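Student: Here's a structure for you.
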């Protein structure tokens, strides 16, 4: 698991217009990701942000585009896709990753990638920032996106 080498980044999110997008599947996991993202933002001086629930991971890129059109300076995309017995997993993961990358590059607005792409539910629980989790990918997504926003001239 990558958590052993994950850096703890110091960020300043004060004054940034942040939109957190959260998928509606596997809420026990996404609620953990959301809690981690909110804590990271609040610890970094930002307690005014929007939270938008979207149907699923596939909808995250368009939701990110909408958030940016509405004034978001930073977007945090949170969700989980768990491998099943069909190629659906690969298609969804690829579409989400490519779509969020495209929106980010087309707009110049940083998008924190907090979408877990895992083989099973336990792997997601280990990364969701819940009690007993080894990692907090919601917080990590915030840290990365806020740092990128601060790099922009």
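The values are calculated or read from the model by the stated rules, or taken from the named source; none is laboratory data. All values derive from a computational prediction rather than experimental measurement. As a convention, Cβ positions derive from the backbone with ideal geometry for all residues, glycine included, and neighbour counts pool all protein chains shown.
Student: Taking only the range 34-51 into account, find how many residues are more than 12 Å from the chain's Cα centre (by Cα), surrounded by fewer than 21 Cβ atoms within 10 Å (Cβ to Cβ) and within 26 Å of residue 123 (Cα to Cα).
Tutor: Total satisfying the criteria: 1.
Each row is one residue, and each column tells you yes or no for (1) out of contact with any helix residue (DSSP H, G or I) (no Cβ under 8 Å at 6 or more places or on another chain); (2) at pLDDT 95 or above; (3) part of a loop (DSSP other than H, G, I, E, B); (4) over 16 Å from residue 146 (Cα atoms).
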{"position": "61", "(1), (2), (3), (4)": "no, yes, no, yes"}
{"position": "65", "(1), (2), (3), (4)": "no, yes, no, yes"}
{"position": "84", "(1), (2), (3), (4)": "yes, no, yes, yes"}
{"position": "90", "(1), (2), (3), (4)": "yes, no, no, yes"}
{"position": "102", "(1), (2), (3), (4)": "no, yes, no, yes"}
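Student: Now for a different question. Yes or no: residue 138 in a strand (DSSP E or B), on the phi < 0 side of the Ramachandran plot, touching a residue at least 60 places away in the same chain (Cβ under 8 Å) and touching a helix residue (DSSP H, G or I) at 6+ places or on another chain (Cβ under 7 Å)?
Tutor: no
Student: While we're on this one: How many residues are in contact (Cβ under 8 Å) with a residue 40 or more places away in the chain, surrounded by fewer than 23 Cβ atoms within 10 Å (Cβ to Cβ) and farther than 14 Å from residue 100 by Cα if we restrict to the range 58-75?
Tutor: Qualifying residue count, the range 58-75: 3.
Student: Which condition from (1) over 24 Å from residue 149 (Cα atoms); (2) touching a strand residue (DSSP E or B) at 6+ places or on another chain (Cβ under 6 Å); (3) surrounded by fewer than 19 Cβ atoms within 10 Å (Cβ to Cβ) is the one that residue 130 breaks?
Tutor: Answer for residue 130: the failing condition is (2).
Student: Kindly check whether there is at least one residue in the range 22-33 that is modelled with pLDDT of 95 or more, crowded, with 18+ Cβ neighbours inside 10 Å and part of a loop (DSSP other than H, G, I, E, B).
Tutor: yes
Student: Within the range 110-125, is there a residue that is in contact with a strand residue (DSSP E or B) (Cβ under 9 Å, 6 or more places away or on another chain), part of a helix (DSSP H, G or I) and free of Cβ contacts under 8 Å to residues at least 60 places away in the same chain?
Tutor: The answer is yes; a qualifying residue exists.
Student: Suppose we keep only residues that are part of a helix (DSSP H, G or I) and without any contact (Cβ under 8 Å) to a residue 40 or more places away in the chain within the range 39-57. Which one would you say is nearest to residue 9 (Cα to Cα)?
Tutor: Only one residue fits best here, namely 43.
Student: In addition: Is it fair to say residue 103 is surrounded by 15 or more Cβ atoms within 10 Å (Cβ to Cβ) and within 27 Å of residue 132 (Cα to Cα)?
Tutor: no
Student: Separate question: For residues that are closer than 22 Å to residue 123 by Cβ and either at pLDDT 80 or above or surrounded by 14 or more Cβ atoms within 10 Å (Cβ to Cβ) (or both), tally how many sit in the range 1-18.
Tutor: Result for the range 1-18: 1.
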